[in-house]
Number of protein chains: 4
Amino acid sequence: MIKVGIVGGTGYTGSELLRLLALHPQAELKAITSRGEVGQPVADMFPALRKRVNIAFSEPTFESLKNCDVVFFATPHGVAMAQSAELVKAGIRVVDLGADFRLKNTTEFERWYGMPHSEPELLGQACYGLVESAREELKKAKLVGLAGCYPTAVQLALKPLISLTAPLIDESNIIADCKSGVSGAGRKAAVGSLFSEAAESFKAYGVSGHRHLPEIEQGLELISGRKMQITFTPHLVPMVRGILATTYVKLSELGKNTDIQALYEKHYADEYFVDVMPMGSLPETKSVRGSNFVRIALHRPQGRDTLVIVSVIDNLVKGAAGQAVQAMNAMFDLPENMGLEQLPVSP
Amino acid sequence: MIKVGIVGGTGYTGSELLRLLALHPQAELKAITSRGEVGQPVADMFPALRKRVNIAFSEPTFESLKNCDVVFFATPHGVAMAQSAELVKAGIRVVDLGADFRLKNTTEFERWYGMPHSEPELLGQACYGLVESAREELKKAKLVGLAGCYPTAVQLALKPLISLTAPLIDESNIIADCKSGVSGAGRKAAVGSLFSEAAESFKAYGVSGHRHLPEIEQGLELISGRKMQITFTPHLVPMVRGILATTYVKLSELGKNTDIQALYEKHYADEYFVDVMPMGSLPETKSVRGSNFVRIALHRPQGRDTLVIVSVIDNLVKGAAGQAVQAMNAMFDLPENMGLEQLPVSP
Amino acid sequence: MIKVGIVGGTGYTGSELLRLLALHPQAELKAITSRGEVGQPVADMFPALRKRVNIAFSEPTFESLKNCDVVFFATPHGVAMAQSAELVKAGIRVVDLGADFRLKNTTEFERWYGMPHSEPELLGQACYGLVESAREELKKAKLVGLAGCYPTAVQLALKPLISLTAPLIDESNIIADCKSGVSGAGRKAAVGSLFSEAAESFKAYGVSGHRHLPEIEQGLELISGRKMQITFTPHLVPMVRGILATTYVKLSELGKNTDIQALYEKHYADEYFVDVMPMGSLPETKSVRGSNFVRIALHRPQGRDTLVIVSVIDNLVKGAAGQAVQAMNAMFDLPENMGLEQLPVSP
Amino acid sequence: MIKVGIVGGTGYTGSELLRLLALHPQAELKAITSRGEVGQPVADMFPALRKRVNIAFSEPTFESLKNCDVVFFATPHGVAMAQSAELVKAGIRVVDLGADFRLKNTTEFERWYGMPHSEPELLGQACYGLVESAREELKKAKLVGLAGCYPTAVQLALKPLISLTAPLIDESNIIADCKSGVSGAGRKAAVGSLFSEAAESFKAYGVSGHRHLPEIEQGLELISGRKMQITFTPHLVPMVRGILATTYVKLSELGKNTDIQALYEKHYADEYFVDVMPMGSLPETKSVRGSNFVRIALHRPQGRDTLVIVSVIDNLVKGAAGQAVQAMNAMFDLPENMGLEQLPVSP
């Protein structure tokens, strides 16, 4: 049994970890910490866990976590950075669901997150946790900066297309028009996330610059080994869960002469969680809700040169807690789908 | 392995059965029928099942089902009535998620469902499938008329209160003000169930008379052995899943002197799926979404004589497909929670 | 032109007042105050008002308001209490959309609102602003404690029934099962009002005691001259606007022999905003959205003794800002529907 | 007073026309037709209109409409085509809210709508009703093919940018990623528009080809006099009303050296309904709900060459019934905002 700790269990990614781990046959929750809630049973805060999760919150100290094999950070940025070194030194593997170990460039980190990076050395060792790209590296990783939600949806949409040596698309002009449910904003009291603000309305946000932009560009470059330039526009959908990315690329001459659908199907043939739908399909976010699946479909409107790639994930599962468990499975040499076999809840 | 057949798999209760059975370690789906969709893979209609459910729809004939141990009917009323006799005769156990075998009185059935009951004899043998009340009977049952969604929520809210010999409440004046998500209306094209009709709005329906009224009164009488009279008002909530019942009863002198909270806790102490929350709690439907749980809380506002019981279920799970699987487990002597251990998906 | 001031314009009732007053042919907005936003154009906070409302927030001082004929308080409780005396003394009429001048009994006020009432004398002069009951009194009122949202829906549902000398119902046993959209919780950052908490879920709240309970009982007693006892249960609906009240009463012998539908139609025949629908109708909240209408329908299920009254309002209009404008019209001898003629926005 | 007729009043655009016309000081509704509902009061179908709209449906014949000055068609395609000639010949002006008179090329019409165009001559006289572009032409127009909902949002987003002689953008590579509420699908019973299908989910549709694509390209060419090529992807948002278009264009050298914000502000300075927000603003659909406004904001992410234009409308108002009334006002030389002054209902 893998002994698991969670730091910061009062948000949506934390409670989603609890939901998934509760049924994982090889994981045993040893500690869940929250400074503000020490002693409170987790199920008092999340009644959905009543009768099944009987642990209480403990102090966010090393002491609480020292007997774990792996610790998940489901915390705002800055927290994992401050606490990981001690854990890693003690041989405890760390998976940060936050942003502290995603951007390799500390200058970029400071620019987008507004704080200096206090652990550049640790950052150097961190594995960027997009599992479909990183599973070999994960086996030995001591520290994982799990891929963000939007970056997961966009990178998996583009991965087959940019993995070849010769460019199939204009890589300087990618557009990712992304849409997310409101749970992506977390369980934090904020006027903009109120029901009455977000319901029955739709808006773009972060158009001029969103923290996931540098992460996506870095991730695509990691996959392709080439420079990529992307316009990334996130939008807020009046739903709780789900991300849909509509990605537009301009095909190169080579791209126009390639069977892109076949390329995707072959690329993802062995991936348990990636579903390449038939060309022209229309994936819906509800078809992955509550599950770790990604569904992807390709379109080439009017037979013109623009390829449209539509991808969907559940932002709290494949975009956070599910991918974290998948990463843990890869790290501990378990089947990647262990504890992640739930089918989507639809409708 | 239990060999399972489903008749009418194109609705929400049918697809929910597929979701639950796909992970049931002792069930094997042998056939799913639909007259209109013969040959079509189930996953083409329900993309949420892609990669995991590989069966196609077959003809709704005895031939398709004859090798099953149990057949679920997820059909409009009238269908199970027409096809069950042949199955039962062949020794196949039948669970009807519809209404054909709920009301024991054929006159009442005709009055509320507008068609004569063609199988009064079969009806006489049918077990009324509210599992918490019927598990002993289920062990031998050949035919089960599964409890309806509202009736499940209301009966479980009242069961401890009416199980004693002496009445704790005025049993001629019970009010059940019930609220359901729109999936209760099924996957049937109808103007009233359109998104633009149901979203951002709230209404009562069936106030003057709803088919679940006679079922609830019959069910309460079955539990108590006494005549009960209830005012039942269903409402439509702009959400997909969930039922919340707010039940009002007037305490008798005996009732006022009874520790009702203790009574409920004791009554349900051994029930895996029933969660009696602390007095004064406020159960939310999302705390049971996607799961087979029932959560119940008691209130006695202002210390007056009116007791308010709030109960929540997922109408597609405990109110339909989940209770059907729970009933199957009881019928085949399996642990009742087998295949039903998923935690609620919340938020 | 009536010169209007608004204190506390940063919430939903404040912005709704702006929407309604902008089209009122006899009202002129002179000042809108907000301590935190002095100098900021109102339309920066509420982009829906851009191009049409050009005023900026000013200091919440007497100075800002001294040239007004009427001042609306759209503030948390306590604020109107502290500031009204000075305005009233200066001959400015005050309409409090909050709770400071609703409950006549200061002990009750303290019990439910957790603060002493600092203006018992002023309270004595205050008119309880349920316009359909109070229009004569409003003509001379200097200070109005506008009826709350739930109390408006419930009182108008019961008014015809309790206005006669002889009781038509058991007045000690009324049940009002009420449901409200989330905007009723205001524009205040709070976890419970987050989209991800409230969407796709339904719950009861305040079951054990809600501040509107004493207001409803007081209001019913004001109408009938008799003691009334009510069980009031509010619920939260995943929609922005709208209240639906399902009120259950037990008919007396006299009530059973009365044509209740005719009673309601006659009672409300001259009310512009009250729509008594045909017996058995099913009013929906969307049929009043954005408007000042109330729709009411009666049901007598199974011909038994329980009468069910369903009433709907838009909580921000008839339940707050619309009724405030209607009260202003009554106070200044204008047609009550002036500026309130918009039809509901549906769907 | 303008005497108005409506053909096909049982859908959402028809009922929205009723809502708007009921308050129009110069319009008088003379007839509303519906084959299936002859004799039924309109308010029985749309309770939101009770107490204010007292007309009943009449036969969809010339007889019913012959005394009108203008007739609106709120019908599926094919209907206006069949009935307009007779009306136009009789000197009655016609505004088709459907698609029969939008596409100038009958071959394109047949390709996208699957039926031959029976009135090519009439089509030749039809004015394409994007009011901001067509108001001069509207004054004399006998027949108007009103702009569609998506085309209105996209064309107004691009109009200032393509109105100059020299191209500011790469006009062969425009991407319009559009999102619409479900009311755009109409009030027609269809499984895909059910609440349980559309709620809590997000999807693209018509990616490979949507009828609004040729209309948008034609409209842009009409404005610019140049060939345009657009990739248009519509998406379905779980909300009732609203369209948001996110339009991506690549700036030319000239474009990069132009103050685009100033260009937009100047271009739309005199437009009552078009609101150019400050650069970098984030318009939300709820800021125009129930109103005829369009709000537009510009972004240039990372200072790169891609300009992002975000525009929002209410699809039932500016995208249909509101623009129809605005067109009528232009046709009859009334102020364009007459009867359209309602402020948005938000939240």
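The values are calculated or read from the model by the stated rules, or taken from the named source; none is laboratory data. From a predicted model like this one, the values you see are computed outputs, not experimental measurements. Note that each Cβ is placed from the backbone with ideal geometry, even for glycine, and that neighbours are counted across all protein chains shown. Heavy atoms of the whole protein, side chains included, go into the accessibility calculation; ligands, DNA and RNA do not. Shrake-Rupley method; radii C 1.70, N 1.55, O 1.52, S 1.80 Å.
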Is it the case that the range C:39-51 has a residue that's surrounded by fewer than 22 Cβ atoms within 10 Å (Cβ to Cβ), in contact (Cβ under 8 Å) with a residue 40 or more places away in the chain and in a loop (DSSP other than H, G, I, E, B)?
no
Whether any residue in the range C:94-106 is more than 14 Å from chain A (Cβ to nearest Cβ), without any contact (Cβ under 8 Å) to a residue 40 or more places away in the chain and among the charged types (D, E, K, R) is what I want to check.
no
Candidates A:Leu143, A:Leu123, filtered to the one that is in contact (Cβ under 8 Å) with a residue 40 or more places away in the chain and touching a helix residue (DSSP H, G or I) at 6+ places or on another chain (Cβ under 8 Å):
A:Leu143
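Take the range B:190-208 and flag every residue that is more than 7 Å from chain C (Cβ to nearest Cβ), without any contact (Cβ under 8 Å) to a residue 12 or more places away in the chain and of a type outside the set (Phe, Trp, Tyr).
Just the residues of the range B:190-208 that are more than 7 Å from chain C (Cβ to nearest Cβ), to begin with: B:190-195, B:198-199, B:206.
Then drop every residue that is not without any contact (Cβ under 8 Å) to a residue 12 or more places away in the chain, which leaves B:190-195.
Matches in the range B:190-208: B:Ala190, B:Val191, B:Gly192, B:Ser193, B:Leu194.
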For the range C:98-135, which positions are under 14 Å from the mean Cα position of the chain (by Cα) and over 13 Å from C:Met81 (Cα atoms)?
C:Cys127, C:Tyr128, C:Gly129, C:Leu130, C:Val131, C:Glu132, C:Ser133, C:Ala134
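I'm trying to understand the selection: among the residues of the range B:239-252, which are more than 9 Å from chain C (Cβ to nearest Cβ) and over 27 Å from B:Asn105 (Cα atoms)? Walk me through how you get there before you give the answer.
Applying the first criterion (more than 9 Å from chain C (Cβ to nearest Cβ)) to the range B:239-252 yields B:245, B:247, B:249, B:251-252.
Scanning the range B:239-252 gives B:Leu251, B:Ser252.
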Select, from B:Gly255, B:Gly225, the only residue that is surrounded by fewer than 24 Cβ atoms within 10 Å (Cβ to Cβ), of a type in the set (Gly, Ala, Ser), on the phi > 0 side of the Ramachandran plot and at pLDDT 95 or above.
B:Gly225
If you check B:His299 against the conditions, is it under 22 Å from the mean Cα position of the chain (by Cα) and closer than 26 Å to C:Leu236 by Cβ?
no
Failed condition for C:Lys318, given (1) of a type in the set (Lys, Arg); (2) farther than 24 Å from D:Arg289 by Cα; (3) open to solvent by less than 10 Å² (accessible area, probe 1.4 Å), with all others met?
(2)
Here are A:Leu340, A:Leu307: which of them is out of contact with any Lys or Arg (no Cβ under 8 Å at 6 or more places or on another chain) and either of a type in the set (A, V, I, L, M, F, W, C) or farther than 24 Å from B:Gly290 by Cβ (or both)?
A:Leu340
How many residues does the range B:260-280 hold that are without any contact (Cβ under 8 Å) to a residue 24 or more places away in the chain and under 29 Å from C:Ala199 (Cβ atoms)?
6
Only residues that are touching a Cys at 6+ places or on another chain (Cβ under 8 Å) and either over 30 Å from A:Ser346 (Cα atoms) or open to solvent by 30 Å² or more (accessible area, probe 1.4 Å) (or both): list them for the range D:149-203, please.
D:Ala153, D:Val154, D:Gly184
So which residues in the range B:146-176 are closer than 26 Å to B:Asp96 by Cα and in contact with a strand residue (DSSP E or B) (Cβ under 8 Å, 6 or more places away or on another chain), if there are any at all?
B:Leu146, B:Ala147, B:Cys149, B:Tyr150, B:Thr152, B:Ala153, B:Val154, B:Leu156, B:Ala157, B:Leu158, B:Ala176
Please verify whether A:Leu244 is in a helix (DSSP H, G or I), crowded, with 20+ Cβ neighbours inside 10 Å and in contact with a Lys or Arg (Cβ under 9 Å, 6 or more places away or on another chain), treating the condition exactly as stated.
no
Condition first: in contact with a Ser or Thr (Cβ under 8 Å, 6 or more places away or on another chain) and over 19 Å from C:Asn292 (Cβ atoms). Can you find one or more residues in the range C:152-159 that meet it?
yes
Scanning the range D:16-38 residue by residue, those at pLDDT below 95 and in a helix (DSSP H, G or I) turn out to be D:Arg35, D:Gly36, D:Glu37
Picking from B:Glu59, B:Glu86, which residue would you name as being at pLDDT 95 or above and open to solvent by 40 Å² or more (accessible area, probe 1.4 Å)?
B:Glu86
Checked against (1) of a type outside the set (Val, Ile, Thr); (2) part of a helix (DSSP H, G or I); (3) open to solvent by 20 Å² or more (accessible area, probe 1.4 Å); (4) in contact with a strand residue (DSSP E or B) (Cβ under 7 Å, 6 or more places away or on another chain), B:Gly124 satisfies every condition except (4)
Of all residues being open to solvent by 20 Å² or more (accessible area, probe 1.4 Å) and either within 12 Å of another protein chain (Cβ to nearest Cβ) or basic (Lys, Arg) (or both) in the range C:321-347, which is nearest to C:His212 (Cα to Cα)? Just the residue, please.
C:Asn337
For the range A:204-218, give me each residue that is touching a strand residue (DSSP E or B) at 6+ places or on another chain (Cβ under 8 Å) and either open to solvent by less than 30 Å² (accessible area, probe 1.4 Å) or of a type in the set (Lys, Arg) (or both).
A:Ala204, A:Gly206, A:Val207, A:His212, A:Leu213, A:Ile216, A:Glu217
What number of residues within the range D:69-89 are in a helix (DSSP H, G or I) and either among the β-branched types (Val, Ile, Thr) or in contact with a Ser or Thr (Cβ under 6 Å, 6 or more places away or on another chain) (or both)?
3
Scanning the range B:1-50 for residues that are among the charged types (D, E, K, R) and farther than 24 Å from B:Gly181 by Cβ, which turns out nearest to the other protein chains (Cβ to nearest Cβ)?
B:Arg50
Residue check: is D:Glu197 over 18 Å from the mean Cα position of the chain (by Cα) and not in a loop (DSSP other than H, G, I, E, B)?
yes
For the subset of the range C:127-142 comprising residues that are hydrophobic (A, V, I, L, M, F, W, C) and not in a helix (DSSP H, G or I), which member is nearest to C:Gly219 (Cα to Cα)?
C:Leu130
Answer residue from the range C:285-308, given it is crowded, with 24+ Cβ neighbours inside 10 Å and in contact (Cβ under 8 Å) with a residue 60 or more places away in the chain and is nearest to B:Val207 (Cα to Cα) among those:
C:Ile296
Please work out which residue is farthest from the other protein chains (Cβ to nearest Cβ), limiting yourself to the range C:210-238 and to residues that are over 19 Å from C:Tyr12 (Cβ atoms) and over 19 Å from the mean Cα position of the chain (by Cα).
C:Gly225
Do the conditions hold for C:Lys266, that is, is it within 11 Å of chain B (Cβ to nearest Cβ) and surrounded by fewer than 24 Cβ atoms within 10 Å (Cβ to Cβ)?
no
